[in-house]
Amino acid sequence: MSYETQILEIIERNRTQAAADFQKINQLIKENDLSYKNICVRTLAVPKILSESRYAEICAFITKLFAIFDKVINHYFADQDYRELFGFSPELNELILASKPRNGWIPMARIDFFLNEETGAIKMCEINTDGTSAMNEDRLLSKFLSENTAFQSFAKGKTYWHFELFDSWVKEFLTVCQTFCDEKTPRVAIVDFLDVGYVTEFEKFKDAFIRHGIETEICDIRDLSYDGKVLRSKNGMVIDAVYRRAVTSDIMNKLNEAGAFIKAAKDNAVCLVGDFVTQIIHNKRLFFILFDEATKRILSEQEFGFIKEHFPATFLLTRENLTAHKVMENREEWIIKPCDSYGAKGFYAGRNLTQEKWEQALREHLKDDYVLQKFHAPYKTPNIDFSNGINSKIREYSNLTGIFCYNGKPYGAYSRMADGEIISTQYDEKTIATIIMEER
């Protein structure tokens, strides 16, 4: 019997208590400002519980994945023809090539994938490097489990644990800085366009840096100044290291507004943790470049087999590929999305559209930088949403698993679910706490 089923049986024995707990937790979510872009986090009554052995399998998957990423990044620097596959602008390519080798090409990422919890099979969904977020959601939802009577009853006498994602990040951040900064305790700026950034989460990271004795400010990237030697905050603090939360596409779209930051990055005048090299992995073109013969040549046979097993078939959205793969005729098998975006902006799933709307979306984005990707049906598990009161029904929800990685190492999991097969805030995404359960 699955962990979810066991908790749901406890809920069924006392729905009144479970519904009351659910409402209390939702009130705590509101009181703690657990929202992004004015969208409050929605949750469900049962957390995600992974066994130790399943989580160990996921960690082994992540290790293999980052070994491949390292090869791709190194080849990007070594081979101009390979660089051209990514289609980056000259300005972005210059920023990437200005990156200095250091401990960990990809200091922070969240790897999102579809996990079949019965077989352990994994199919990749998305790779987030720039602006990786939601650590605060996981922190608070795990904390709120103390108010979940059904979970507490299930967990009594069992050993389980959840993740710490803030102090652990500071330690890994400093590991990256050791190859660049002379200062053992560098002065740190958490940098983004603050009108679109997740400022509530930034505050939690700032608190963690300060706990470690590190002077830290949250800075709007537009307010920084650079004199050719030193990058400074609006308040005049000399910045030794930057924790970059500003997404590359936002920066490239506002180059003139981020001029001081860009100049300091090109001069390597500051330790940029979240260097522009991360865009190689963040950009969704990677998904079809991994299948390219140029990539196959730099990977072992086992590594290329790993790509074929875990990555969905992906192509550039072109008229030729639409015809070759009969995309218009088989809309339920395909999705399209921009190569460089976030928050599911510009995402279309054929199965969620009429034939007319699907063909319209394809035509409208043919000239844009989009990828065409095979749809993968998510694994479903039972859960319950008490938003409609005590008589709410148990139903099946689609799952998406994310793993927070610091310097290529797994540090935590992020679990989202949805009523339908598309798991995104623009549809009906719910976020739940993730627990690792010790097996006996």
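With both partners inside the chain, how many of the DSSP beta bridges are antiparallel, as a percent to the nearest 5? All intermediate terms of the calculation are to be shown ahead of the outcome.
Working: 47 of 63 bridges.
Bridges in the chain that DSSP calls antiparallel: roughly 75 percent.
How would you order 219-226, 397-404, 383-390 from highest to lowest mean count of nearby Cβ atoms within 10 Å?
Sorting 219-226, 397-404, 383-390 by mean packing, highest first, produces 397-404, 219-226, 383-390.
Quick check on segment 154-286: of the DSSP beta bridges with both residues there, what percent are antiparallel, nearest 5%?
The answer is about 25 percent antiparallel.
As an exercise, use a Förster radius of 41 Å and the Cβ-Cβ distance of residue 387 and residue 268 to find the FRET efficiency, rounded to the nearest 0.05.
For R0 = 41 Å, the calculated efficiency reads 0.20.
Apply 1/(1 + (r/R0)^6) to the Cβ-Cβ distance of residue 316 and residue 215, taking R0 = 35 Å, and write down the FRET efficiency to the nearest 0.05.
Computed FRET efficiency for residue 316 and residue 215 comes out at 0.15.
Identify all aspartates and glutamates with a Cα-Cα distance to residue 24 below 17 Å; exclude those on the same chain that are fewer than 8 residues away in sequence.
List returned: 33, 137, 147, 385.
What spacing in nm lies between the two simple spin-label points modelled at residue 100 and residue 147, each 7 Å away from Cα in the Cβ direction?
Going from the residue 100 label point to the residue 147 one covers 4.7 nm.
Test of understanding: extend the Cα→C-beta vector of residue 394 to 7 Å, then name every residue of segment 39-61 with backbone N under 12 Å from that spot.
Only 46 fall inside the zone, counting backbone N under 12 Å.
May I ask you to evaluate 6.51 cos²θ - 1.76 cosθ + 1.60, the Karplus curve with θ = phi - 60°, for each residue of segment 395-407 and list the ³J(HN,Hα) values in order in whole Hz, giving x for glycine and proline?
8, 8, 10, 6, 10, 9, 10, x, 10, 6, 10, 10, 6
May I have the count of lysine pairs in segment 134-230 with C-alpha atoms under 27 Å apart, counting pairs 8 or more residues apart or located on different chains?
Here the count comes out as 13.
Just tell me which lysines come within less than 19 Å, Cα to Cα, of residue 337; anything on the same chain fewer than 8 places away is out.
123, 284, 326, 345, 357, 367, 374
Any idea how far the Cα center of segment 346-365 sits from the one of segment 376-440, in Å?
If we compute the Cα centre of each part, the gap is 26 Å.
Choose one answer from 296, 337, 430: the residue with the largest mean-square fluctuation in a GNM of the chain with alpha-carbon springs under 10 Å.
Highest fluctuation among the options: 296.
Calculate the spin-label point distance for residue 376 paired with residue 292, positioning each point 7 Å from the Cα along the beta-carbon direction, and give it in nanometres.
2.1 nm
Please state the relative contact order of segment 144-273 as a whole percent: Cα pairs under 8 Å, 6+ residues apart?
For segment 144-273, the relative contact order is 26 percent.
No value in this document is a laboratory result; all are computed from the given coordinates. Remember, it's a predicted structure, so these values are computed and weren't measured experimentally. Counting neighbours? That spans all protein chains shown, and the Cβs are built from the backbone with ideal geometry, glycine included.
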